[in-house]
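These notes concern the structure reproduced below.
The values are calculated or read from the model by the stated rules, or taken from the named source; none is laboratory data. It should be emphasised that the depicted structure is a prediction, and the values quoted were computed from it without experimental measurement. Quick reminder, even Gly has a Cβ in these numbers, built from the backbone with ideal geometry, and neighbours come from all protein chains shown.
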Amino acid sequence: MRYYIRDLTLILRGTFRAAGTGVPGGLATVPTLLLHAGGERGAVPDPTRKLEGIIHRQGLPPEYLGLMSGVRAECLCIMQYDFLDVFLSAGALHGGPGGPVSVNMIVYSREGMTDAALLETIMTGTAAREGTLHSLGRPTGGTPSDGIVVACEGEVEHGCGGTMTEIGVRLSEAVRFGVPEALARHEGRITRNRPSFFIYSRFQGDHWVEWQPEECPYYPCHFPGQRCEFCYCPFYPCGDESLGQWVKSGSKNDLVWNCSTCTLLHEPEIADYLLANPEAPLAELKRKKGMRK
């Protein structure tokens, strides 16, 4: 899976089995997921036409599942918790900060799920949203502009998506954390000029960490002038042994991918190229760097 922002829209690209409550909704196998975050204050008259226009302008295949959010793109929050990524927007679009809150989210699993698990995860995400809004003293009950898409790739490993499952625990925690953060950005209490990225860390105790390129904790890990846009590599774990190696995990009885010496995406030329061509494969970047396949 790759994701990037174009046309005020979060675009996820891959080969997804997905279920969604948005446009057009239902169960489908699609190459594209959309979360349009244009900041429109009122309802978009024809959301299908809007999303299909984005698909056409970006030159993407016609099959997709999408969501419409009135929240601005820079207020989106992205939470990464192990194999699960949650892309979330939240904001009271009418009635000021005390008005009904619209929440939209795309939930992506790098581990495959059955169709039943995809559908159950929609219910889990909805329950987490309502519980979080209640704990914040915000109106609950849902709004017409709420939406959830749950998607996965890979071999099926999960047959359920309930609250106490591996997926449900991670999703519920991401929503509990992400909704207040997204609201703070939408309401101006926190200001960012790009979507915020958080990773769930177990280093020195379980907690969420916001990663920002300007304050990257890993710089200068490689060389002066390095770029930090891709410190959390979109290819991880690539398994390319010219860039890293498999090592024994200190906390699990299996192997993990270690690429701490890889500098490829820190090179300014390569970082610029990947930003301009976000679907470029790893082999293409290696060729541009003059590396062997």
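When the test is whether a residue is farther than 14 Å from G178 by Cα, among the acidic types (D, E) and not in a loop (DSSP other than H, G, I, E, B), E130 does not pass it.
Taken together, the residues in segment 60-103 that are under 16 Å from the mean Cα position of the chain (by Cα) and within 14 Å of E40 (Cα to Cα) amount to 10.
For the condition polar (S, T, N, Q) and surrounded by 13 or more Cβ atoms within 10 Å (Cβ to Cβ), T163 qualifies.
Mind checking whether some residue in segment 247-259 is out of contact with any Leu (no Cβ under 9 Å at 6 or more places or on another chain) and closer than 27 Å to I11 by Cβ?
Yes: one or more hits.
Tell me, yes or no, whether segment 36-51 has at least one residue that is without any contact (Cβ under 8 Å) to a residue 12 or more places away in the chain, surrounded by fewer than 17 Cβ atoms within 10 Å (Cβ to Cβ) and among the acidic types (D, E). Yes. Among the residues of segment 207-229, is there at least one that is touching a strand residue (DSSP E or B) at 6+ places or on another chain (Cβ under 7 Å), in contact (Cβ under 8 Å) with a residue 24 or more places away in the chain and outside any strand (DSSP E or B)? The answer is no; no qualifying residue exists. For segment 69-126, taking the residues that are assigned to a helix (DSSP H, G or I) and in contact with a His (Cβ under 7 Å, 6 or more places away or on another chain), the one that is surrounded by the most Cβ atoms within 10 Å (Cβ to Cβ) is identified as C75.
Condition check ((1) surrounded by 14 or more Cβ atoms within 10 Å (Cβ to Cβ); (2) modelled with pLDDT of 95 or more; (3) of a type in the set (S, T, Y)) across all residues:
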| residue | (1), (2), (3) |
| --- | --- |
| V169 | yes, yes, no |
| R185 | yes, yes, no |
| R189 | no, yes, no |
| F198 | yes, yes, no |
| W211 | yes, no, no |
| E215 | no, no, no |
| R227 | yes, no, no |
| S249 | no, no, yes |
| D254 | no, no, no |
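Within segment 179-206, the only residue that satisfies the criterion of being within 25 Å of V101 (Cα to Cα), of a type in the set (G, A, S) and part of a loop (DSSP other than H, G, I, E, B) is G188.
Among the residues of segment 52-68, those that are surrounded by fewer than 19 Cβ atoms within 10 Å (Cβ to Cβ), without any contact (Cβ under 8 Å) to a residue 40 or more places away in the chain and not in a loop (DSSP other than H, G, I, E, B) comprise E52, G53, H56. Checking each residue in segment 3-49 for being touching a Gly at 6+ places or on another chain (Cβ under 9 Å), at pLDDT 95 or above and of a type in the set (D, E, K, R) picks out only R17.
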